[in-house]
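In what follows, a single structure is set out as structure tokens and then discussed.
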Amino acid sequence: MFTVDIEKEAEKYLNRLDRTTYKRLRNAIDQIGKDPTIGERLTNHDASFKYRVGGYRILYDVYASKVLVVVVKIASRGQVYRK
């Protein structure tokens, strides 16, 4: 089981969502904490993954040596890859 840390920007986005979507995404984050390789590896990023939850994406980094997962960004599919 990995420790899951959610960055401030991702936490703010998560807290603005309706209750149903919030629960779906929190359950997905819990699943990521249990098995970080459940997501799909991002191209050109060794430790970065994405996980699909309906129309939303969770971007996260895995630090296996620290047994840590950092959720970097949560957003809708159309917005998640914009900087």
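Simple spin-label estimate for Ser65 and Asn15 gives 3.3 nm between the two label positions (7 Å along the Cα-to-Cβ direction from each Cα). Per-residue 3J(HN,Hα) values for the range 56-65, derived from phi via the Karplus relation 6.51 cos²θ - 1.76 cosθ + 1.60 with θ = phi - 60°, read 10, 10, 10, 9, 8, 10, 10, 10, 4, 5 Hz in sequence order (x marks Gly and Pro). Each helix, a run of at least 4 DSSP H residues, gives -39500 (n - 2.57); summed and divided by the residues of the chain, these come to -9000 deg cm²/dmol at 222 nm. Exposure proxy for Arg16, Arg24, Arg57: other Cβ atoms within 10 Å of each Cβ, ordered fewest to most, give Arg16, Arg24, Arg57. As a length-normalised measure over Cα pairs under 8 Å and 6 or more apart, the relative contact order of the chain settles at 33 percent.
Only one item in [x] 1.46; [y] 1.23; [z] 0.93 matches Rg/Rh (Cα atoms, Kirkwood Rh) derived from the coordinates shown, and that item is [z].
Looking at the chain as a GNM with Cα springs under 10 Å, which of Tyr60, Tyr13, Tyr51 has the largest mean-square fluctuation? Highest fluctuation among the options: Tyr13. On a 0 to 90 degree scale, rounded to 10, what angle separates helix 19-34 from the longest Cα axis of the chain? Computed tilt is about 0 degrees. In order along the range 40-53, the Karplus-derived 3J(HN,Hα) couplings, from 6.51 cos²θ - 1.76 cosθ + 1.60 at θ = phi - 60°, round to 9, 5, 7, 5, 6, 9, 5, 10, 9, 9, 10, 9, 8, 9 Hz, and Gly and Pro are given as x. A Förster radius of 22 Å combined with the Cβ-Cβ distance from Thr3 to Arg82 puts the calculated FRET efficiency at roughly 0.20.
Of the residues Ile38, Thr3, Leu68, the one whose Cα sits farthest towards the positive end of the charge dipole of the chain is Ile38 (charges of +1 on Lys and Arg Cβ, -1 on Asp and Glu Cβ, taken about the Cα centre).
Each value in this text was obtained by applying a stated rule to the coordinates, not by laboratory testing. For clarity, every value in this text was computed on a predicted model and none was experimentally measured. In this analysis, Cβ positions are derived from the backbone assuming ideal geometry, glycine residues included, and neighbour counts consider all displayed protein chains.
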